[in-house]
Amino acid sequence: METGTSQRPLAFLVDGDNASPSLIREMLAEASKYGEVIIRRVYGDWTSRNLASWKTTLQEHALTPTQQFANVAGKNATDSAMIIDAMDILHGELVGGFCLVSSDSDYTRLATRIREAGLFVMGIGEPKTPGAFRQACHVFVSTDNLKLARKAEPGRTRARRSVSEEARRVPEDAVKLLEQAFENVVKDDGYGHVGEMGEGLRRLNPAFDSRTYGFSKLVDLIQALPKQFEVVRRKELGPGAVYVRRKRST
């Protein structure tokens, strides 16, 4: 999926019972890479003290609280309300994509249904988010990587690591996936464009994120693997012509 240039309208829907307000700014910024967030809703029982921490965040980021009473103990009514609203938005043809914020596998079928309708869907959730939900999205972003982005010092490429299992990965852990993505985009001259490689990585694994391996940019992650790849800036092809090729054996 392209980033930065897309202006598709997006619906940003948050399961307030299953997400923290502390990273909303980073979540909205991440969603904005893929389009313009025009619908911003947070679902939950706003009569409950459990959602008290959301009140300031709602005002700061123009989020609309959507009330859903917990009618039956032990049943998550929030999930149903968010799914019904998402389908109403989908059929109303108001947006070109969705950002679903939750770590709950209950949204897997919703994400799949959105994709079947030809719309873009991204997910944001904790590292514990089930793989089924991750794979149902075009893009899935771990909250751990958003924490890294928030803590990273300005001007530094390498991000700080968190203590979670996902953020402890090293660049070598990404080699197999990077090699597969490279083979899918490499041309006859042996070069593959970094941008095309990034798009291919998302298709292979929606949860792929260079920040998981300690780097804010894909090209920096690739450069951290000098035994496998070589990054070449082909100035004769113009600005932005950054390519990758297999490391030549010596």
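A short reminder: the numbers here are calculations on the coordinates, not readings from a lab. In this text the structure is predicted, and so the values were computed from the model without any measurement. Glycine gets a Cβ as well: all are built from the backbone with ideal geometry, and neighbour counts include every protein chain shown.
Under 1.5 on a/c is rounded, so check that first for the range 162-250, then, if it is not, pick prolate when a/b is larger than b/c and oblate when it is not; a ≥ b ≥ c are the square roots of the alpha carbon gyration tensor eigenvalues.
prolate
For a quick protection proxy, order the peptides 83-90, 217-224 by their average other-Cβ count within 10 Å, most packed first.
Highest mean packing first, the order is 217-224, 83-90.
Provide S80, S103, S210 in ascending order of the number of other Cβ atoms located within 10 Å of each residue's Cβ, fewest first.
S80, S103, S210
Taking the highest mean first, how do the peptides 19-25, 172-178 order by number of other beta carbon atoms within 10 angstrom per residue?
So the peptides 19-25, 172-178, ranked by packing, come out 19-25, 172-178.
On the Cα set of the range 44-150, report Rg and Dmax in Å, please.
Looking at the range 44-150, its Cα Rg and Dmax stand at 14.5, 39 Å.
Contour minus end-to-end for Q223 and Q180, with contour as 0.36 nm per residue of separation and end-to-end as the Cα-Cα distance?
Residue separation times 0.36 nm, minus the Cα-Cα distance, leaves 13.8 nm.
Suppose only helical runs count, i.e. DSSP H with n ≥ 4. What mean residue ellipticity at 222 nm does that imply for the chain under -39500 (n - 2.57) per run, divided by all residues and rounded to the nearest 500 deg cm²/dmol?
-9500 deg cm²/dmol
What Rg and what Dmax come out for the chain when only alpha-carbon atoms are used, in angstroms?
19.5, 69
Taking neighbour Cβ counts within 10 Å as the exposure measure, how do V231, V186, V42 sort from fewest upward?
In increasing order of surrounding Cβ atoms, one gets V231, V186, V42.
Sort T66, T56 by Cβ crowding within 10 Å, fewest neighbours at the top.
Lowest count first: T56, T66.
If I model a spin label at A29 and S80 as a point 7 Å from the Cα along the Cα→Cβ vector, what separation in nanometres do I get?
With each label point 7 Å from Cα toward Cβ, the separation is 3.8 nm.
Quick one: which of K147/K217; K33/K128; K33/K235 span more than 19 angstrom between C-alpha atoms?
The pairs that break the limit, which is 19 Å between Cα atoms, are K33/K128; K33/K235.
Would you mind getting me the FRET efficiency between R233 and I38? Use the beta-carbon distance for r and R0 = 35 Å, nearest 0.05.
0.40
Under a point spin-label approximation (7 Å from Cα along Cα-to-Cβ), what is the A62-E93 distance to one decimal in nm?
2.5
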